[in-house]
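Peer 1: Here you go, one structure.
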Amino acid sequence: MSKNSIESTLHENRIFNPPAPSEVGASEWLISSLDQYQEMYDRSIADPESFWSGVAEDFHWFKKWDSVLEWNAPEAKWFNGGKTNVCYNCVDRQVDNGYGDEPAIIWEGEPVDDSGAPLDQRTLTYKDLQTEVTKLANVLKSKGIKKGDIVTIYMGMVPELAIAMLACARIGAPHSVIFGGFSAQAIADRVGDANSKMIITCDGSWRRGKVVPLKNNVDEAIQLMKDNGNQPVEHVLCFGRCHNDIKWGELDRCWNEEMEKASDECPCEELDSEDMLFLLYTSGSTGKPKGIVHTNAGYMIYTALTAKYTFNLIPNDQGGQNQVYWCTADCGWITGHSYIVYGILPNRVPSLMFEGGPDYPTAARFWQIVERHKVTQFYTAPTAIRAFMKWGDEHPESCDLNSLQVLGTVGEPINPEAWMWYRNKIGRGICPIVDTYWQTETGGQIITPLPGATPTKPGSCTLPFFGIDAIVCDEAGNEAGVNQGGLMAIRKPWPSMLRGVYGDRQRFIETYWSTVAKDGEPYYAAGDNTRRDEMGNFWIMGRTDDVINVSGHRLGTMEVESALVAHESVVEAAVVGMPHEIKGTGIAAFVTPAPGFDGGDELIQTLRAHVAEEIGAIAKPDMIRFTAALPKTRSGKIMRRLLRSIAAGDTEITQDITTLEDLSVVAKLASSDEE
Ligand code: WTA
């Protein structure tokens with residue numbers, strides 16, 4: 001055993017009990033003991049309908065529901081017959097109840113001056129947010145957008161992104177947010193699949209002192225769609241963020257001008273509980289990203305309840321003492337949807353948004369933001385924590401982090417060393433860490449500690465949230481024993497579960513509902529391997545499919561392969577994950593070059609740039625190796641396990657290597673148990 005793995009095992013066996021609330025400066029823990037958690041959990045599983053209708057009572061309904069749950073696996077209807085509006089519950093309700101002057105969104109933008117202080121910052125109260133959202137909703141309507149029309153949002157991290165999402169929710173036009181790091185091709189694919197009539201974008205966004213040319217990418221995407229003969233977009237609404245020079249074409253409308261003309265009267269649509277709130281594209285094991293569909297009511301109440309208990313969110317008039325919640329995710333991912341916007345605003349604790357990167361202008365940026373705004377709850381990804389560990393302790397040490405009460409992580413497994421560093425260096429050795437496990441498909445956190453209740457172990461996401469009947473099992477639904485690996489499955493429906501894959505029912509059923517079944521009843525299969533320890537804690541061990549998690553971003557290996565083979569120099573490509581110190585998982589590509597192309601450094605650079613162009617910079621391979629042939633089984637399947645072990649450096653290649661390795665030789669040497 002290496003020194004690292006011994007340390008890791010030691011850490012994994014440590015148990016940290018929740019501190020008293022006063023120890024971290026909190027007024028109380030909303031769920032304050034394991035017994036209280038257990039009692040509520042048992043109740044939520046034994047009688048989900050009464051549990052969730054109790055939760056739903058706290059929200060605003062234009063009309064109450066007829067039934068809490070109609071379950072005809074895999075079809076769930078929650079609060080059917082009810083009429084509500086998510087935007088109303090996030091924004092208008094706070095204003096109507098007299099909280100209009102409280103801060104809803106606190107924003108810090110780039111550029112920053114040399115000391116790290118923001119030049120651009122804004123606080124929007126609920127009233128401000130209501131004004132902006134209603135005006136934008138009117139702009140959308142004036143462009144012919146109505147209930148059911150899908151609006152694509154491709155913006156940087158500015159408050160206008162949240163405003164755009166909420167304006168869509170207000171009028172019942174489902175949004176499809178595309179991460180600002182995706183390329184024109186990726187935009188074209190998603191806009192085409194959703195048949196989206198409108199794109200909302202920015203002239204650009206700031207990242208590390210440079211402008212990301214968002215509008216140019218949209219222009220290029222529209223051209224690509226035109227070339228394909230499928231160009232559904234009628235309007236591009238562009239918000240001016242960076243005075244970036246852009247071309248104004250026929251479809252383009254200026255956000256800033258349109259908003260000046262718009263009225264701030266626009267009542268919320270009374271939407272059905274099961275109307276679509278948004279779709280969000282995510283990678284699966286095939287080449288094509290899928291649009292995960294979420295609906296109004298169940299998603300709203302589940303994300304708000306998880307946010308409340310996981311982060312211990314308490315508004316001021318209930319004793320919260322000026323909490324400020326900060327999630328560092330981008331709204332282009334599910335984490336930003338659920339835990340910057342929809343799950344946070346109903347809880348009436350300000351949600352901080354920032355533009356830029358964690359290490360610009362210095363690696364102290366995050367900690368300066370924490371200090372400046374006295375952030376109480378901080379939610380980030382393990383990849384960021386590992387990067388901060390590398391950048392040095394002097395950065396967090398230079399800032400006052402005493403305001404922090406709860407620390408969260410999400411997106412990928414956190415290694416115990418990073419967990420310990422987070423607790424000790426950021427959390428003063430006392431703040432509880434909530435390692436939240438969930439997915440785009442689950443809508444909200446499904447396995448997570450509650451900070452005042454759950455004993456935590458470094459590296460474990462611990463116990464299921466209320467209403468989540470999660471088990472570790474085999475394909476027949478039989479539960480695994482203690483510490484035995486198995487599939488992560490959920491036996492019962494929960495309010496924020498995905499309702500489908502947009503336009504592809506077959507894929508919905510095949511991907512999630514065809515792996516595990518017991519007595520003819522399908523269970524939701526998450527696609528993760530996991531185990532439970534003797535305390536019942538869950539430990540996530542990695543994907544069961546060809547999805548890799550790069551810096552907490554989900555990518556299908558097939559997507560990267562398709563991008564590679566689209567280049568003229570590539571005959572065949574196989575992509576696997578490999579261990580990466582910061583990213584958790586890096587991307588390794590094995591490529592067979594076309595005749596006339598020599599595998600060399602220049603081609604490596606060309607291919608990396610090509611993948612960035614096809615998908616986005618996050619998909620650039622960290623390692624490209626050229627091989628005359630890929631290792632295959634007798635039936636012709638690429639031996640991915642062997643490639644993974646080569647990429648990890650576990651399998652030595654001993655044969656003579658000239659320009660091209662011949663990995664088919666290694667395949668013959670390796671055992672053929674991959675067949
Ligand atoms: C992984 C992100 C371990 C997992 C919210 C899951 C995690 C996929 C954790 C979903 C965690 C997410 N511990 N693994 N705390 N959180 N994952 O859809 O493999 O971008 O299936 O949602 O990330 O990624 P997605």
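The values are calculated or read from the model by the stated rules, or taken from the named source; none is laboratory data. The structure displayed is predicted, hence computed values, not measured ones. Positions of Cβ are generated from backbone atoms using ideal geometry, with glycine treated the same way; all protein chains shown enter the neighbour counts. Accessible surface is based on the protein model in full, side chains and every heavy atom, while ligands, DNA and RNA are left aside. Shrake-Rupley method; radii C 1.70, N 1.55, O 1.52, S 1.80 Å.
Peer 1: Within the set of pairs 6+ apart or on separate chains, which have a first residue in segment 542-571 that is in contact (Cβ under 8 Å) with a residue 40 or more places away in the chain, a second that is in a helix (DSSP H, G or I) and open to solvent by 10 Å² or more (accessible area, probe 1.4 Å), and C-beta atoms under 6 Å apart?
Peer 2: From segment 542-571, the pairs are SER551/THR383; GLY552/THR383; HIS553/ILE618; ALA563/GLU614; HIS567/HIS610.
Peer 1: Applying the selection to segment 537-565, what residues are open to solvent by less than 30 Å² (accessible area, probe 1.4 Å) and among the acidic types (Asp, Glu)?
Peer 2: Across segment 537-565, the qualifying residues are GLU559, GLU561.
Peer 1: Next question, about the same structure. Just to be sure I understand the filter: pairs with C-beta atoms under 6 Å, separated by 6 or more residues or on different chains, first member in segment 224-243 and in a strand (DSSP E or B), second member open to solvent by 50 Å² or more (accessible area, probe 1.4 Å). Which pairs pass?
Peer 2: Correct list of pairs: HIS235/ARG253; LEU237/ARG253.
Peer 1: Between residues in segment 125-152 that are acidic (Asp, Glu) and residues that are open to solvent by 10 Å² or more (accessible area, probe 1.4 Å), which pairs lie under 6 Å by C-beta distance while being six or more apart or on different chains?
Peer 2: That search, which allows pairs on different chains as well, returns ASP149/LYS197.
Peer 1: Residue by residue through segment 178-203, note down the ones that are closer than 15 Å to THR282 by Cβ and open to solvent by 10 Å² or more (accessible area, probe 1.4 Å).
Peer 2: PHE179, GLY181, PHE182, ASP189, ARG190, ASP193
Peer 1: Would you be able to tell me the number of residues in segment 402-438 that are within 21 Å of TYR524 (Cα to Cα) and touching a strand residue (DSSP E or B) at 6+ places or on another chain (Cβ under 6 Å)?
Peer 2: Going through segment 402-438 one residue at a time, the tally reaches 5.
Peer 1: Right, another one. Between a first residue in segment 188-216 that is without any contact (Cβ under 8 Å) to a residue 60 or more places away in the chain and a second residue that is crowded, with 24+ Cβ neighbours inside 10 Å and among the charged types (D, E, K, R), which pairs have beta carbons less than 7 Å apart while being 6 or more apart in sequence or on different chains?
Peer 2: Qualifying pairs under 7 Å: THR201/LYS215; CYS202/LYS215; CYS202/ARG241; ASP203/LYS215; ASP203/ARG241; GLY204/LYS215; GLY204/ARG241.
Peer 1: For LEU277, indicate whether it is under 26 Å from the mean Cα position of the chain (by Cα), in the same structural domain as GLY411 (by TED's automatic domain parsing), closer than 20 Å to PHE179 by Cα and not hydroxyl-bearing (Ser, Thr, Tyr).
Peer 2: Yes, satisfied.
Peer 1: Among the residues of segment 442-455, is there at least one that is without any contact (Cβ under 8 Å) to a residue 60 or more places away in the chain, crowded, with 24+ Cβ neighbours inside 10 Å and away from the ligand (no atom under 12 Å from the Cβ)?
Peer 2: no
Peer 1: How many residues, within segment 572-585, are more than 16 Å from the ligand (Cβ to nearest atom), surrounded by fewer than 20 Cβ atoms within 10 Å (Cβ to Cβ) and of a type outside the set (Asp, Glu)?
Peer 2: Selection size over segment 572-585: 1.
Peer 1: Could we say that GLY586 is within 29 Å of ARG14 (Cα to Cα), modelled with pLDDT of 95 or more and over 24 Å from the mean Cα position of the chain (by Cα) here?
Peer 2: Spelling it out, it is not the case that GLY586 is within 29 Å of ARG14 (Cα to Cα), modelled with pLDDT of 95 or more and over 24 Å from the mean Cα position of the chain (by Cα).
Peer 1: Further, regarding this structure: Enumerate the helices (runs of 4 or more DSSP H) found wholly within segment 367-424, keeping only those where 3 or more residues are under 19 Å from the mean Cα position of the chain (by Cα) and more than 16 Å from the ligand (Cβ to nearest atom).
Peer 2: Where helices (runs of 4 or more DSSP H) fall fully within segment 367-424, none carries at least 3 residues being under 19 Å from the mean Cα position of the chain (by Cα) and more than 16 Å from the ligand (Cβ to nearest atom).
Peer 1: May I pose another question? I need the full set of residues from segment 133-146 which are more than 22 Å from TRP326 (Cα to Cα) and open to solvent by less than 30 Å² (accessible area, probe 1.4 Å), in order please.
Peer 2: Matches in segment 133-146: THR134, LEU136, ALA137, VAL139, LEU140, ILE145.
Peer 1: Quick check: anything in segment 350-369 touching a residue at least 24 places away in the same chain (Cβ under 8 Å), more than 20 Å from THR201 (Cβ to Cβ) and of a type in the set (Asp, Glu)?
Peer 2: Yes.
Peer 1: Determine the pairs where a residue that is at positive phi, located within segment 290-314, has a partner that is of a type in the set (S, T, N, Q) with Cβ atoms under 8 Å apart, the partner being 6 or more residues away or on another chain.
Peer 2: Pairs that qualify, where the first residue is at positive phi and the partner is of a type in the set (S, T, N, Q), are ASN312/GLN377; ASN312/GLN405.
Peer 1: Something else: Looking at (1) more than 16 Å from the ligand (Cβ to nearest atom); (2) within 16 Å of GLY486 (Cα to Cα), find the lone condition where ALA588 falls short.
Peer 2: (2)
Peer 1: How about segment 197-251: which of its residues are of a type in the set (Val, Ile, Thr) and under 23 Å from ALA137 (Cβ atoms)?
Peer 2: ILE199, ILE200, THR201, VAL218, VAL233, VAL236
Peer 1: Scan segment 489-512 and tell me whether some residue there is within 16 Å of the ligand (Cβ to nearest atom), farther than 18 Å from ILE292 by Cα and in contact (Cβ under 8 Å) with a residue 40 or more places away in the chain.
Peer 2: no
Peer 1: Here's a check for you: in segment 460-475, which residue that is touching a Phe, Trp or Tyr at 6+ places or on another chain (Cβ under 6 Å) and within 11 Å of the ligand (Cβ to nearest atom) is farthest from THR310 (Cα to Cα)?
Peer 2: Looking at the filtered set, the residue picked out is SER460.
This table checks each residue for (1) open to solvent by 10 Å² or more (accessible area, probe 1.4 Å); (2) assigned to a loop (DSSP other than H, G, I, E, B).
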residue: PHE466; (1), (2): no, yes
residue: GLU475; (1), (2): yes, yes
residue: VAL482; (1), (2): yes, yes
residue: PRO493; (1), (2): yes, yes
residue: TYR524; (1), (2): no, no
residue: GLU534; (1), (2): yes, yes
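Peer 1: Also: Under 6 Å between Cβ atoms, which residue pairs at least 6 apart in sequence (or on different chains) link something in segment 40-63 that is assigned by TED's automatic domain parsing to the domain that holds CYS90 with a partner that is open to solvent by 30 Å² or more (accessible area, probe 1.4 Å)?
Peer 2: Here the result reads GLU49/LEU69; PHE51/ARG43; HIS60/TYR88; HIS60/ARG93; PHE62/LYS83; PHE62/GLU270; LYS63/LYS83, each pair linking segment 40-63 to a residue that is open to solvent by 30 Å² or more (accessible area, probe 1.4 Å).
Peer 1: Within segment 520-571, track down each residue that is assigned by TED's automatic domain parsing to the domain that holds GLU614, more than 15 Å from the ligand (Cβ to nearest atom) and among the acidic types (Asp, Glu).
Peer 2: Residues satisfying the conditions are GLU561, GLU568.
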